[in-house]
Amino acid sequence: MSEPIRVLVTGAAGQIAYSLLFGIAKGDVFGKEQPITLILLDIAPMLPVLEGVVMELQDCALPLLREVIPTDKEEVGFKDLDAAILVGSMPRRDGMERKDLLKANVAIFKSQGAALDKYAKKTVKVLVVGNPANTNCLIAAKSAPSIPKENFSCLTRLDHNRARSQVAIRCGVPATHVKNVIIWGNHSSTQYPDVHHCVVNKSGSDTACFDAVKDDAWLKGDFITTVQQRGGAVIKARKLSSAMSAAKAICDHMRDIWSGTPEGEFVSMGIYSNGNAYGVAEDLIYSFPVQIKDKAWKIVDGLKINEFSQSKMDATAAELIEERDTAVAFLAV
Ligand code: NAI
């Protein structure tokens, strides 16, 4: 067996982490042969809770888990990292303005970006989950100038999985029979779930999604709003935000970074836009369709975009530009 890799999860005392840590520790993400040192970072008041999480991880008696390090210190948490999953962020409190929320998160991700820059390996793969995920990711990337921007991504895989499942349920097939949905843009209600390039394996052969579903009005209407608003619907029903499905999506995302995407398939993730793809402005973390090989992503090129799609892709880009400009102004202070 190889040397253990060092994997950080922040927000490690929270509810997503509670579902996520087991998946990582048992080999669902980095492979069944890869020993792991897990570093759990949370804020000081949560250290007693972290102790409980450490005990439970030990009690799982997992073969790959070599060490678990709980901490509230960035110099401990970010040291020599191979992978960083940044889940912890400032939650929105009652009466809190969007701007104040953004400001608090800029402070967190500026500091964690600088810690990555200072302490982590230059090859570290960074996945930002804490909301607003795209903009937090951009701030972290900007605050870690010695680490390539391509190493940073944010989670839109949950939205991708939601879209996949909605189509699968509609067609009466398993979710794995639905390929190549796309989430464009922001992980927010302006995101655009696009099925124009999606194929459904129905009765043994691949069929274009619109032909398989046979309900264009649904695909251009309720399907989109269901996926866009799914997070809110889960909160309304559960009184807590998505955690099990978020953890599963994090595992899917990081596993694909580590081991690559299957031939002919693409997945969605928020990545750094250099202004060269699909007319998306540069210097945004925007969700694109990507294929991954040798731990490097490549945007899927040349997909035909119709007017309907273009207007939705532009709307979510406009929101991200505004979010970025507000956040970057805070970064300078
Ligand atoms: P939670 O409130 O249960 O846990 C968050 C944890 O982060 C808490 O233990 C908190 O103490 C910790 N934390 C806060 N500031 C921190 C800091 N500076 N450093 C380290 N830890 C810190 O929240 P939950 O449900 O686990 O969600 C976490 C985040 O993930 C939220 O921002 C949520 O909106 C986001 N989310 C993102 C999704 C996506 O698809 N991108 C999907 C679902 C949730």
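The values are calculated or read from the model by the stated rules, or taken from the named source; none is laboratory data. What you are looking at is a predicted structure, and each value in this text was computed from that prediction instead of being measured. Positions of Cβ are backbone-derived with ideal geometry, glycine not excepted, and every protein chain shown enters the neighbour counts.
Quick notes on this one:
For (1) within 10 Å of the ligand (Cβ to nearest atom); (2) in contact (Cβ under 8 Å) with a residue 60 or more places away in the chain, each residue gets a yes or a no:
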| site | (1), (2) |
| --- | --- |
| Val124 | no, no |
| Leu127 | yes, yes |
| Ala133 | yes, yes |
| Lys142 | no, yes |
| Arg162 | yes, yes |
| Cys171 | no, no |
| Pro174 | no, no |
| His177 | no, no |
| Ile182 | no, yes |
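- Against the test of being farther than 17 Å from Tyr272 by Cα and at pLDDT below 95, the options Leu81, Leu101 yield a single qualifying residue, Leu101.
- Any hit, segment 282-302, residues being farther than 30 Å from Leu219 by Cβ, outside any helix (DSSP H, G or I) and free of Cβ contacts under 8 Å to residues at least 24 places away in the same chain: yes
- Scoring Ile147 on the criteria (1) within 12 Å of the ligand (Cβ to nearest atom); (2) more than 27 Å from Ser245 (Cβ to Cβ); (3) not charged (D, E, K, R) leaves a single failure, condition (1).
- Residues in segment 138-183 that are farther than 30 Å from Asp215 by Cα and not hydrophobic (A, V, I, L, M, F, W, C): Lys142, Ser143, Pro145, Ser146, Pro148, Lys149, Glu150, Asn151, Ser153.
- Of the residues Ile69, Ile39, Ile5, the single one that is in contact (Cβ under 8 Å) with a residue 60 or more places away in the chain and in contact with a strand residue (DSSP E or B) (Cβ under 9 Å, 6 or more places away or on another chain) is Ile5.
- Within segment 54-66, being surrounded by 14 or more Cβ atoms within 10 Å (Cβ to Cβ) and either within 11 Å of the ligand (Cβ to nearest atom) or free of Cβ contacts under 8 Å to residues at least 24 places away in the same chain (or both) holds for one residue alone: Val54.
- Residues in segment 246-258 that are farther than 8 Å from Ile16 by Cα, surrounded by 19 or more Cβ atoms within 10 Å (Cβ to Cβ) and within 11 Å of the ligand (Cβ to nearest atom): Ala249, Ile250, His253.
- When the residues of segment 233-245 are filtered to those that are assigned to a loop (DSSP other than H, G, I, E, B) and among the hydrophobic types (A, V, I, L, M, F, W, C), the one that is surrounded by the fewest Cβ atoms within 10 Å (Cβ to Cβ) is Leu240.
- Scanning segment 1-21 for residues that are touching an Asp or Glu at 6+ places or on another chain (Cβ under 8 Å) and within 11 Å of the ligand (Cβ to nearest atom) yields Thr10, Gly11, Ala12, Ala13, Gly14.
- When Thr225 is tested against (1) β-branched (Val, Ile, Thr); (2) farther than 19 Å from Ser311 by Cβ; (3) over 19 Å from the mean Cα position of the chain (by Cα), exactly one condition is not met: (2).
- Subset tally (residues that are under 21 Å from Gln34 (Cα atoms) and touching a Pro at 6+ places or on another chain (Cβ under 8 Å)) for segment 47-64: 2
- Some residue of segment 81-93 being within 10 Å of the ligand (Cβ to nearest atom), surrounded by 19 or more Cβ atoms within 10 Å (Cβ to Cβ) and assigned to a helix (DSSP H, G or I): no
- Only strands (runs of 3 or more DSSP E) whose full extent lies in segment 123-232 are considered here, and the ones with at least 2 residues that are in contact with a Gly (Cβ under 7 Å, 6 or more places away or on another chain), within 30 Å of Leu331 (Cα to Cα) and at pLDDT 95 or above are 152-154.
- Yes/no for Glu51 being within 14 Å of the ligand (Cβ to nearest atom) and not hydroxyl-bearing (Ser, Thr, Tyr): yes
- Pairs with Cβ under 7 Å, 6+ apart, first in segment 202-215 and touching a residue at least 40 places away in the same chain (Cβ under 8 Å) and farther than 13 Å from Asn180 by Cα, second among the β-branched types (Val, Ile, Thr) and surrounded by 13 or more Cβ atoms within 10 Å (Cβ to Cβ): Ala212/Val200; Val213/Val167
- When the test is whether a residue is within 12 Å of the ligand (Cβ to nearest atom), small (Gly, Ala, Ser), more than 19 Å from Met254 (Cα to Cα) and modelled with pLDDT of 95 or more, Ala44 passes it.
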